[in-house]
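Scroll down for the structure; my scribbles are underneath it.
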Amino acid sequence: MSEDDWLTLNVGGVKFSTCRSTLQREPGCMLARMFARPQQMQPSVKDSSGAYLIDRSPKYFEPILNYLRTGALILDPNINPAGVLEEARYLGIESIIPKLEQTSRSHEIPRDERPLSRRDVVDALIGASQTVINSSDRNTDRGLRFQGVNLEGCDLSRLDLRNINFKYANLKGARLTGANLSWSQLERADLSQANMEGVQMLGVKMLCANLEGVNLKGANFEDPAGSRANLEGANLRGANLEGSIMAGINLRVATLKGVNMQNCDLRMAVLAGADLENCNLSGSDLHEANLRGANLKDATLELMQTPLHMSQTIR
């Protein structure tokens, strides 16, 4: 690269050194036309040092220049994306505009109204007490409270979320695959359409939680120490619980319409008053389950390990 290929730009009093090929990365933009060979647009005048004067904000120009260098949009936390968007429009950097428009819209939402990110949750977990929670002191309080917070669509997969308060939280569409939510509080939380495949839910409290359409395939609710998972009054309409371990679970008056509960372990489960209409219970074990007053209309009961008439329907 020859010396002539290097250029200095004076943008709002701040000088930037770059090469001609960088400014030509976006064909058709103002910078590419100004410094093309042959020139397609007359460059601006030069200052006393020979730098080309550009009357724009250097704060918003710098991310644009770095984008032309690397192809990646990187914004410092103190940079308003709306300012960078205006700069991109002025300079004609078309390829970056859609992403900046999306980032700008997110930035306009007040911080306390935006969903928390995985990074936010991980930072809270790291900052919390590092006390080891084991079987003998599993109710130790780490002081973590996510009560009523917005975690919609958040990726919380494989995280240790034991003993955390998620009451009334918005976890709609969240990804919780392989996470450990044992002994956590999820009363009246919204987990509709969440992916919770393979989640650990020992002793979880989910009274009246919204679990409509949730994927709980292969979930484990059974606590060997005897703490029962409580989903009384929960809405599980259309959920997938196939192969879940749910021995002793409390699903009293829960809505289980159209739920896939094939091959589930429901020994000693409390299903009194539950709505099991169109529920698929094929291959499930209902030994000593309490089904008093349950609605079993059109439920699929084939290949059950325990015949329904042998289940404990009145306790």
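FYI, it's all coordinate maths here, none of it is from the lab. Note that the coordinates shown come from a computational prediction; the quantities given were computed from them, not determined experimentally. Cβ: placed from backbone, ideal geometry, glycine included. Neighbour counts: every protein chain shown.
Key figures for this structure:
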item: Sum of side-chain charges, Cys208 neighbourhood, beta-carbon under 10 Å (Lys, Arg +1; Asp, Glu -1); result: -1
item: Whichever lysines have a C-alpha closer than 16 Å to that of Lys297, once near sequence neighbours (fewer than 8 apart) are set aside; result: Lys257
item: Where labels lie 7 Å past Cα in the beta-carbon direction, separation of Arg89 and Lys297 in nm; result: 5.6 nm
item: Met30 paired with Thr8, simple spin-label distance in nm, labels 7 Å along Cα-to-beta-carbon; result: 2.2 nm
item: Most to least packed among 87-96, 160-169, 42-51 [average Cβ atoms within 10 Å]; result: 160-169, 87-96, 42-51
item: Spatial extent of region 3-108: Rg and Dmax, with the Cα atoms as the point set, Å; result: 13.7, 44
item: Eligible lysines near Lys99 by straight Cα distance, threshold 24 Å, same-chain separation 8 or greater; result: Lys59
item: Highest-fluctuation residue, Arg114, Arg69, Arg188 considered, GNM on the chain with Cα pairs under 10 Å; result: Arg69
item: Rounded FRET efficiency, nearest 0.05, which uses the C-beta distance separating Ser117 from Lys46 and R0 of 35 Å; result: 0.20
item: Relative contact order (%) - region 3-108, alpha-carbon pairs under 8 angstrom, separation at least six; result: 23 percent
item: Net charge dipole size for the chain [Lys, Arg +1 and Asp, Glu -1 on Cβ; Debye, nearest 20]; result: 200 debye
item: From the coordinates shown, percent of Cα pairs over 30 Å apart corresponds to which of (i) 40; (ii) 52; (iii) 22; result: (ii)
item: Calculated from backbone phi, Karplus (6.51, -1.76, 1.60) coupling profile of region 68-77 in Hz, x at Gly/Pro; result: 5, 6, 10, x, 10, 8, 10, 10, 5, x
item: Normalised contact order of the chain, rounded percent, pairs of Cα under 8 Å and 6 or more residues apart; result: 7 percent
